[in-house]
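Please read the structure below before turning to the comments.
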Amino acid sequence: MFIGVAGLAAGLVVGGVVLVGALGIALQRTAETEARESAKGVARLVNEKEVPEPLPVVGDVRVQVVDVDGRVLAASIGADRLVAILYRDELPKARAGKALLIPGERLGIEGPVRVVGEPAGEGGTQTVLVARSMADLTRSVRLLRITLMVAFPLLLVALAAVAWRVVGLTLRPVEALRRGAEEITGGARPGQLPVPDSQDEIHRLAVTLNGMLDRLEAARVRQRAFVADAAHELRSPLTNMRTELEVAQRLGDRTDWADVGDDLLADIQRLSRLVDDLLLLARSDDGGARAARAAVPVELGDLVATVAERYPAVEVPRPECPLWTMGEPDALARVVANLLDNAVRHTSTRVVVGVSADGPYQLVTVTDDGPGIPVADRERVFDRFTRLDDARARDAGGSGLGLAIVRELTRRHGGTVVLEGAAPGVRAELRLPAIPTPD
């Protein structure tokens, strides 16, 4: 604020100096122009030998006609008829067209006097001298200078007051945002900044910041829920392993260590899968929606058939022609495997897989004849650690991350995955961008 006022003051001072200087120069040029016009008019009279007595003048002007020796041949009212306006050494300068500034005391008038000369007569033997008093012009410049010296401080104070008021009104919402941010940081109130009523940039900034805070809060809640769910899921196999080891230790020599080893290996495999799933989702959160790494053309018919070989009860009709997409083969295989795992876990008799073209996409469908999923829950099952039947899913080895991984990997490949109803059961529809057949 103080820097702005200081800059304004400096600007006003510079502007005032320039104004006064420009006005003084303009008035001097105007006076000189008027004097030269008068000199040329008298010179024409001299050339025509029609010199009146006294010489005609307008305003506060003195006019003389002198010869080369400086003798006065004719003069206007108020001009000396014996002594020339200019000294003898000054006459050549005036005849050469230079305007001279002499003191007014030489002519008995107040203030400086501007004198111009104009050659006249036969052979230019005479000179018309016109003296124009600059007193009124000097008074005008002085009056302007005094006016500016009085008006500029008052104007500066007024502008400073207005600027202080305007800046204060402008920064008041910013200060409110700062206080709100400080309170939020200190935990004094919920995470929302005050939104000013004005529909300006600060209003839009507050709305944007509140949106950012909402997203940060939602991310924090998701992170806490994710950590809590992950801890719960990791605790389950660890508890099983600890229980099995404690029971085996109590049984002593009666322990069947082969069975214990098989049980521990199953829990370790489940724990390893869970950790891998958690790492995959954590990396996807860190990397955002980046494209799949090492993307290459993938033929979906072969990929789906290769993955389905692990599931004896899965039917895989081969497509009529190769269906290509661009992606990471391991990630796409993980997507298909997770869909098949979910379908096999809940089917009653069989699972059918289909691969076909669907406009600009390649469509992979996985259909089971299980109990199905209610319409209201078909989107929720893609959330992390979501299980519609927690007890049954945990017993079957599910962690609630399979479909979340499917959606994340599919989104990373530019595709979509949805669950649709089947009679009976559920049909998962996976769509991936189609590409032309590679050369």
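FYI, it's all coordinate maths here, none of it is from the lab. Worth saying up front: this structure is predicted, and the values here are computed from it rather than measured. All Cβ positions, even for glycine, are placed from backbone atoms using ideal geometry, and neighbour counts span all protein chains on display.
Restricting to the range 118-142, what's the tally of residues that are acidic (D, E) and in a helix (DSSP H, G or I)?
Total meeting the criteria: 2.
Filter the range 7-44 down to residues that are surrounded by 12 or more Cβ atoms within 10 Å (Cβ to Cβ), among the hydrophobic types (A, V, I, L, M, F, W, C) and under 30 Å from A161 (Cβ atoms), then give me how many there are.
Of the residues in the range 7-44, 8 are surrounded by 12 or more Cβ atoms within 10 Å (Cβ to Cβ), among the hydrophobic types (A, V, I, L, M, F, W, C) and under 30 Å from A161 (Cβ atoms).
Being over 22 Å from F2 (Cβ atoms) and either under 42 Å from the mean Cα position of the chain (by Cα) or aliphatic (A, V, I, L, M) (or both) is true for just one of L169, L154, L137. Which residue is that?
The match here is L137.
Quick one: count up the residues across the range 108-131 that are within 27 Å of K49 (Cβ to Cβ) and in contact with a strand residue (DSSP E or B) (Cβ under 7 Å, 6 or more places away or on another chain). Spell out how you get there, then give the answer.
Keep residues of the range 108-131 that are within 27 Å of K49 (Cβ to Cβ), which gives 115-131.
Subsequent filtering for residues that are in contact with a strand residue (DSSP E or B) (Cβ under 7 Å, 6 or more places away or on another chain) retains 115-120, 126-131.
The number of residues fulfilling the criteria is 12.
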